[in-house]
Amino acid sequence: MRTWWWKIVCILLVGYTVIAGFLAPVPRLDILNETIRNLYFHVPMWFTMMALFTASVVYAIKYLRSGRLEDDIYSSQFAITGIAFSVFGMLTGMEWAKYTWGAAWSNDPKELCTALCMLTYFAYLVLRNGLKDEEKRAKIGSVYNIFAYALMIPLIMVIPRMVDSLHPGNGGNPAFKQYDLDKYMRMVFYPAVLGWIMLGFWMATLSIRQALVKFKLENNFDFTKNKSNA
């Protein structure tokens, strides 16, 4: 992850997304109008969140199998970055809803399920911060991380599809890909998803490196031996 080429690609993709997202032509649709450009920002935030939470739960499982505190640091920092993107996704969604649905919050099923998912991961942070012992925090946090991820899947991907919703693709509302995601929007949307995901992992790797350095300095810890040198 420390190679440079993917970071250059990330900068190019995100830069392209921002420029094309505001300047490229979009379909002229009733109600949505120019707000459809938010598709390049709002939806990729959720994809990035799910990708980061997936990486987090993978390292949580690795920690439970290996007992290496380094894996727990990877897991926690991926989760923290994922939570940040969930906040970005919620804020961009509320801004979009304000102009298209008339209110920033309308108790839409997808909004409620997403909020529950976010609260579950906020509780993960509270749980970790409440435990002082590193090994106990790592073990309990990893188990809870798996629970939170298992809960995220039905909350984000299953339950909202089973009920009527204002969101595209639910409750009889046509999905973007079915009626208005034209070829020009696809040329921006797919690079946007890839670019934001890469940016999320870039942010996570920086946070991980900082957390590793801090932990080593505070505990004189050698991850290669997984024990204190003191």
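Summarise the accessible area of the stretch 100-159 (1.4 Å probe, protein heavy atoms) by the percent that is carbon and sulfur.
Answer for the stretch 100-159: carbon and sulfur cover 69 percent of the accessible area.
What are the semi-axes of the equivalent ellipsoid for the chain, taken as the square roots of 5 times the Cα gyration tensor eigenvalues, largest first, in whole Å? Before the final figure, lay out the partial values.
Details: eigenvalues 267, 91, 32 Å².
Semi-axis lengths for the chain are 37, 21, 13 Å.
Do the sum for the chain: with -39,500 (n - 2.57) for every DSSP H run of n ≥ 4, divided by all residues, what is the mean residue ellipticity at 222 nm, to the nearest 500 deg cm²/dmol?
When only DSSP H runs of four or more count, the value is -25000 deg cm²/dmol.
Dipole of the chain, Cα-centred, from +1 at each Lys and Arg C-beta and -1 at each Asp and Glu C-beta, to the nearest 20 debye? Before the final figure, lay out the partial values.
Working: 23 positive and 16 negative charges, 152 e Å.
Dipole size: approximately 740 debye.
Set Lys and Arg Cβ to +1 and Asp and Glu Cβ to -1, take the dipole of the stretch 4-94 about its Cα centre, and tell me which of Leu23, Trp5, Tyr74 lies farthest positive.
Highest projection toward the positive end goes to Trp5.
Compare the Cα positions of Leu217, Phe189, Ser142 along the charge dipole of the chain (+1 at Cβ of Lys, Arg; -1 at Cβ of Asp, Glu; about the Cα centre) and return the one farthest towards the positive end.
It is Leu217, whose Cα lies furthest towards the positive end.
Select from the stretch 121-166 those trypsin sites (Lys or Arg not before Pro) which occupy a DSSP coil region and have at most 12 other Cβ atoms within 10 Å, ordered by residue number. Intermediate values should be presented prior to the final figure.
Numbers: sites: Arg128, Lys132, Lys136, Arg137, Lys139, Arg161; in loops: Lys132.
In loop regions of the stretch 121-166 (DSSP not H, G, I, E or B), the sparsely surrounded trypsin sites (Lys or Arg not before Pro) are Lys132.
If you count, for each residue, the other Cβ atoms within 10 Å and average over each peptide, how do 186-197, 114-125 line up from highest to lowest?
Highest to lowest by the protection proxy: 186-197, 114-125.
So what is log10(I(q)/I(0)) for the stretch 1-88 at q = 0.10, 0.15, 0.21 1/Å, when the Debye sum runs over its Cα atoms only?
-0.39, -0.73, -1.04
Anyone know which of Gly21, Gly93, Gly67 comes out most mobile in the 10 Å Cα GNM of the chain?
Among Gly21, Gly93, Gly67, the largest GNM mean-square fluctuation belongs to Gly67.
What does the extension gain come out to for Ser66 and Ala123, with contour length at 0.36 nm per residue minus their alpha carbon separation?
Additional length available on full extension: 18.0 nm.
The values are calculated or read from the model by the stated rules, or taken from the named source; none is laboratory data. Bear in mind that the values here come from a model prediction, so they are computed numbers and not experimental data. When we count neighbours, we look across all protein chains shown, and the Cβ atoms used for this are built from the backbone with ideal geometry, even at glycine. Heads up: the accessible areas ignore ligands, DNA and RNA and are worked out on the full protein's heavy atoms, side chains in. Shrake-Rupley method; radii C 1.70, N 1.55, O 1.52, S 1.80 Å.
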